[in-house]
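Below is one structure, written out as structure tokens; comments come after it.
The values are calculated or read from the model by the stated rules, or taken from the named source; none is laboratory data. From a predicted model like this one, the values you see are computed outputs, not experimental measurements. Cβ coordinates were reconstructed from backbone atoms using ideal geometry, including for glycine residues, and neighbour counts include every protein chain displayed. Note: accessible area is taken over every heavy atom of the protein model, side chains too, but ligands, DNA and RNA are not part of it. Shrake-Rupley method; radii C 1.70, N 1.55, O 1.52, S 1.80 Å.
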Amino acid sequence: MLDIARIRAETPGTEHVIHFNNAGASLMPASVCHIMQTYLADESKFGGYEMEDKYACDYDKVYQLLAQLINCKSKEIAITDSATTAWDRAFYALPFRKGDKILTSITEYASNYIAYLQMMKRIGVSIEVIPNDRNGQICVEALEKMIDENVKLISVSHIPTNGGLVNPVEAIGTIARKYNVWYLIDACQSIGQVPIDVQQIGCDMLSASGRKFLRGPRGTGFLFMSEKMLKFLEPFCLDLHSAEWKSQNEYEFRKDARMFEISECNIAAKLGLTYAVQNTLDLGIEHIWQRIQQLGELFRKKLSMIDCVLVQDLGQIKCGIVTFTVEIDGMDMVKLCKQLRERKINTSVAVRHHTLIDMTARNLNHMIRASIHYFNTEEEIDTFCRILQDLIHTSVFM
Ligand SMILES: Cc1ncc(COP(=O)(O)O)c(C=O)c1O
């Protein structure tokens, strides 16, 4: 379905590395790099504001393209400089009161959980963590039992930072709608990897990153803010882009999700993101997801055949984020990641404090996170497993 040879030819990075760090930042397609380089060259020659005007038709498409990708209206999209900025802008706009409850996932990302804690300290909300089911994903039945009149927000990660698990966001959406609870999804690791339809999921807000599975540049992200929420939410900070100064004592918000943006932004990055989203749409997110699942399954199977390697991914449906540990006394995952990098293989290390509740419950400190994308190949997986096996062997006999 996907022409992998062509896709790799259009991904210069594949000539230099085995890139299994797509959950960190993916390799950008040549078209994404090219438009940013062209723009920056023009900007340096002709001026920032002048080129912003000239290229406006190009990067303005990003709203409509993202809306197409997640099935919403373009006025429900705001562009940000990271997934965290997008998430924060939604979360800190919510009008919490003392006694309100936030329900979240065991695998919640540190930045999000820290924000809940701050809200707890500042306002007196409480945080409750939804247990997992026996597959290791959010237990929807347990979630329903936790709902009471104080629950104001369900806030979960679609795919956690530290594993292959895909949470059942649609079933959670059914509960959120049934009990009329705000529903915020962290789709940082799922956008560009898994098909996302915000109507079908029934979420009110969703944050995502540009640099990961969308293959956009670093310093990009976006927020989906539903029309329903736009009617009553107020951003926690405003500027002359998010609001208009009407008179000495008056201002008026924008009416669309761009009220969660600020005036200044990196136009080159926005252009790069536009091209990256177009690339995802052209390839087809269903094809991408199918290929990732196939490669992920193969990868986990091959890894589990290596002595002392323990694949750590949970969940009924698994994605392209593959995590594992090497069960040998003294084996250091940080060092192993470094050794792989010296051999031109990019991975990363999932550390305890990024998903503290989950890692503590599973008694894990570090895991290797080898995250694949559709442009990776079966041959790369074989090479990876062979090199990993050699490194383990060498470390045992050293
Ligand atoms: C699940 C999850 N949420 C949020 C983030 C934060 O994204 P960003 O670094 O774009 O702010 C990450 C980053 O890796 C993540 O994995």
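Measuring from centroid to centroid over Cα atoms, what is the spacing of the stretch 150-181 and the stretch 280-324 in Å? With the stretch 150-181 and the stretch 280-324 each reduced to a Cα centre, they are spaced 22 Å. In whole angstrom, the chain maps to an equivalent ellipsoid with semi-axes of 35, 29, 18, each derived as √(5λ) from the alpha carbon gyration tensor and ordered largest first.
One Cα centroid belongs to the stretch 190-240, the other to the stretch 1-77; the line between them spans 17 Å. Annotation: lysines with alpha-carbon distance below 25 angstrom to residue 231 (same-chain offsets under eight excluded): 61, 73, 75, 98, 101, 152, 178, 246, 255.
On the principal axes of its alpha-carbon atoms, the stretch 90-172 has extents of 35, 26, 17 Å, going from largest to smallest.
Using only alpha carbon positions, build the gyration tensor of the stretch 224-374, then give the equivalent ellipsoid semi-axes as the square roots of 5 times its eigenvalues, largest first, whole angstrom.
Numbers: eigenvalues 366, 83, 52 Å².
Whole-Å semi-axes of the equivalent ellipsoid: 43, 20, 16.
For GluC sites (Glu not before Pro), the sites in the stretch 70-158 that DSSP calls loop and that have at most 15 other Cβ atoms within 10 Å are 149.
Residues in the stretch 366-381 near a label at residue 344, defined as backbone nitrogen under 17 Å from the 7 Å Cα→Cβ point? The answer is 376-381, whose backbone nitrogens lie closer than 17 Å to the label point.
The residue list 36, 127, 202 was ranked by how far each Cα lies along the charge dipole of the stretch 30-282 toward its positive end, using unit charges on Cβ atoms, and 127 comes out on top. Among the chymotrypsin sites (Phe, Trp or Tyr not before Pro) in the stretch 293-398, those located in a DSSP loop and surrounded by at most 12 other Cβ atoms within 10 Å of their own Cβ are 397.
Dipole size in debye (nearest 20) for the chain around its Cα centre, Lys and Arg Cβ +1, Asp and Glu Cβ -1?
Working: 43 positive and 49 negative charges, 105 e Å.
Rounded to the nearest 20 debye, it is 500 debye.
What do you get for Rg/Rh over the stretch 124-232 if you use C-alpha atoms and the Kirkwood form of Rh?
Dividing the radius of gyration by the Kirkwood radius yields 0.97.
Around residue 322, which amide H atoms from residues at least 5 apart in sequence, or from another chain, sit under 5 Å from its own amide H, with H modelled in the peptide plane? Under 5 Å from the amide H of residue 322: 370, 371, 372. For the stretch 337-398, the equivalent ellipsoid derived from the Cα gyration tensor has semi-axes of 24, 17, 10 Å, listed largest first. The calculated 222 nm mean residue ellipticity attributable to helices in the chain amounts to -12000 deg cm²/dmol, summing -39500 (n - 2.57) over DSSP H runs of n ≥ 4 and dividing by all residues. The relative contact order of the stretch 30-282, computed from alpha carbon pairs under 8 Å that lie at least 6 residues apart in sequence, is 27 percent.
Can you classify the stretch 68-110 as rounded, prolate or oblate using the Cα gyration tensor, where a ≥ b ≥ c are the square roots of its eigenvalues, rounded means a/c under 1.5, and otherwise it's prolate if a/b beats b/c and oblate if not? It would help to have the intermediate numbers written out before the result.
Working: a/c = 1.96, a/b = 1.63, b/c = 1.20.
Taking the square roots of the gyration eigenvalues as a ≥ b ≥ c, the stretch 68-110 is prolate.
Spacing of the modelled spin labels on residue 10 and residue 148, each 7 Å from Cα toward Cβ, amounts to 5.4 nm. Surface composition of the chain: carbon plus sulfur atoms contribute 51% of the solvent-accessible area (1.4 Å probe, protein chains only, all chains present).
Given a Förster distance of 51 Å, report the FRET efficiency between residue 123 and residue 41 from their Cβ-Cβ distance, rounded to the nearest 0.05.
Working: r = 48 Å, r/R0 = 0.95.
E(calc), rounded to 0.05, equals 0.60.
On a per residue basis, the stretch 265-310 carries 44 Å² of accessible surface, using protein heavy atoms and a 1.4 Å probe.
Estimate the FRET efficiency between residue 365 and residue 57 by the formula 1/(1 + (r/R0)^6), using the beta-carbon distance for r and 35 Å for R0, to the nearest 0.05.
Working: r = 50 Å, r/R0 = 1.42.
It comes out at approximately 0.10.
Of the trypsin sites (Lys or Arg not before Pro) found in the stretch 1-98, those in coil by DSSP whose Cβ has at most 16 other Cβ atoms within 10 Å are 73, 97, 98.
What's the Cα-based Rg to Rh of the stretch 198-253, Rh via Kirkwood? Could the numbers behind the result be given before it?
Working: Rg = 15.2 Å, Rh = 13.8 Å.
That ratio equals 1.10.
Restricting to the chain, compute how many DSSP beta bridges are antiparallel as a %, nearest 5. Just about 55 percent of them are antiparallel.
Leaving out ligands and nucleic acids, note down the accessible area per residue over the stretch 1-136 with a 1.4 angstrom probe, in whole Å². It would help to have the intermediate numbers written out before the result.
Values: 6560 Å² over 136 residues.
In whole numbers, the stretch 1-136 has 48 Å² accessible per residue.
Given their separation in residues at 0.36 nm each and the Cα-Cα distance between them, residue 34 and residue 249 gain 72.8 nm when the chain is fully extended.
When only the Cβ of Lys, Arg, Asp and Glu is charged (+1, +1, -1, -1), the dipole of the stretch 224-287 relative to its Cα centre reaches about 80 debye.
Net charge near residue 171, counting Lys/Arg +1 and Asp/Glu -1 over other residues with Cβ under 10 Å of its Cβ? Don't jump to the answer; show the numbers that get you there.
Values: positive: none; negative: 141, 144, 170.
Every neighbour counted, the sum reads -3.
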